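Quick notes on the structure that follows.
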Amino acid sequence: MPAEEKIIKLKKILDNCVLCPRACRVNRAQGELGFCKLPAKIIMDCALAHHGEEPPLSGHRGAGTIFLVSCNLGCVYCQNYQISQSTEGQKLTVEQMAEVMLDLQKRGCHNVEPVTPTPQTPLIMEALVLARAKGLEVPFVYNCGGYENPEVIKLLDGMVEIYLPDFKYGQEDVAVEYSAAPGYPRFALASLKEMVRQVGDELELENGVAKKGVITRHLVLPGKIENSKEVFRLIKKEISLNVPISLMSQYSPPPKVRRHPLLSRRITPAEYREVLDYALKLGFRNLFIQEVNEYELTPDFNRENPFD
Ligand code: SF4
């Protein structure tokens, strides 16, 4: 199906929104709001060259990160809550968003990477098609929370070069308790399967910079080691051991959970090590790992390329 036809289908979803598993079925084109509280418009916080992503994404000149407001998840511990829990930002037309993408390319960024595009997917993809027609050549990175509608992901086939989904929960009860996201493991798994079907489970690199593939992110949460292990078990059982996984240690309690019995602390080095050892024991090898220091848990992605 040509990209233009896919955009028409995607935009039609806004009339009865099922862009994500919440399936609010509101008419966003008519101003009705669902869980994400977003109208049928592009609303951006900022766009910048990001040097803190995984090395194949940031490269030497940065990932072209476009922070979009709001989110379809409701994580109580959100690490990016100032942007993801707000609907305030710059309202952009499709043409203006295409210019943002082209400008990131002009600034030398290795890719363009909208963050949490899920609720804004139709217009972001329309902007991408326009930007491609105007000379955008760098890969498009779909950086999402993993709570995706696999049918929507299917419509992105051929337009996305790199998928960067979270896989936050292997355990349903944790997904419901922490993110009000029923069915998360099932939807994340089906979406990841479709992403891998489209772009493969090998990360294609050129001079250490990603050109095509998937990187799945998993943030280890304090006291929820079994949840993390289940993520690896599911990916091994249902998809493949090749899927590159970024195992993140940087959880830091935001003000909202400072008194939470589990979420009020950072993870310990032992917790991170236990999850990492488990993944290695299962046979995962394409892992991006971070350092976890006993005294100061500072995220520091390996600067070494683990695929060399
Ligand atoms: S994108 Fe927003 S309105 Fe649409 S189903 Fe998801 S949460 Fe509901």
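Taken together, the values in this text are just the output of simple stated rules run on the coordinates, not laboratory data. Not measured: the values here are computed from a predicted model. All Cβ positions, even for glycine, are placed from backbone atoms using ideal geometry, and neighbour counts span all protein chains on display.
Some observations on this one:
- For the chain, the longest principal axis of the C-alpha atoms and the axis of helix 184-199 are separated by about 70°.
- Charge tally around Glu204: other residues with Cβ under 12 Å, Lys/Arg +1 each, Asp/Glu -1 each, net -2.
- In plain terms, the residue of Thr87, Thr121 with the fewest other Cβ atoms within 10 Å comes first and the most crowded comes last, giving Thr87, Thr121.
- Straight Cα distances below 20 angstrom link Lys37 to the aspartates and glutamates Asp15, Asp45, Glu88, Glu148, with same-chain residues fewer than 8 positions distant left out.
- Label positions at Glu226 and Gln30, each projected 7 Å from the Cα along the C-beta direction, are separated by 4.6 nm.
- Contour minus Cα-Cα distance for Glu238 and Asn207 (0.36 nm per residue): 8.1 nm
- When His110, His60, His50, His260 are sorted by how many other C-beta atoms sit within 10 angstrom of their C-beta, beginning with the fewest, the order is His60, His260, His50, His110.
- Neighbour-count ranking [beta-carbon atoms within 10 angstrom, fewest first] of Leu92, Leu241, Leu128: Leu241, Leu92, Leu128
- Helix 121-133 axis, angle to the chain major axis (alpha carbon atoms, nearest 10°): 70 degrees
- Entry note, the stretch 3-214: relative contact order of 20 percent, from Cα contacts under 8 Å with a spacing of 6+ residues.
- Proximal charge balance of Asn80 [Cβ under 12 Å; K/R count +1, D/E count -1]: -2
- Above-threshold pairs, the threshold being 19 Å between Cα atoms, out of Lys6/Lys154; Lys9/Lys41; Lys11/Lys41; Lys229/Lys256; Lys168/Lys224; Lys41/Lys193: Lys229/Lys256; Lys41/Lys193
- Candidates Phe288, Phe67, Phe35: whichever shows maximal mean-square fluctuation once the chain is modelled as a Gaussian network with Cα springs under 10 Å: Phe35
- Volume of the convex hull of the stretch 3-214 (Cα atoms only), normalised per residue: 107 Å³.
- Against the chain, whose longest principal axis is taken from its Cα atoms, helix 94-106 shows a tilt of about 60°.
- DSSP bridge orientation in the stretch 32-164 - percent antiparallel, rounded to nearest 5: 50 percent
- MRE, 222 nm, helices only [DSSP H, n ≥ 4, -39500 (n - 2.57), over the chain, to nearest 500]: -10000 deg cm²/dmol
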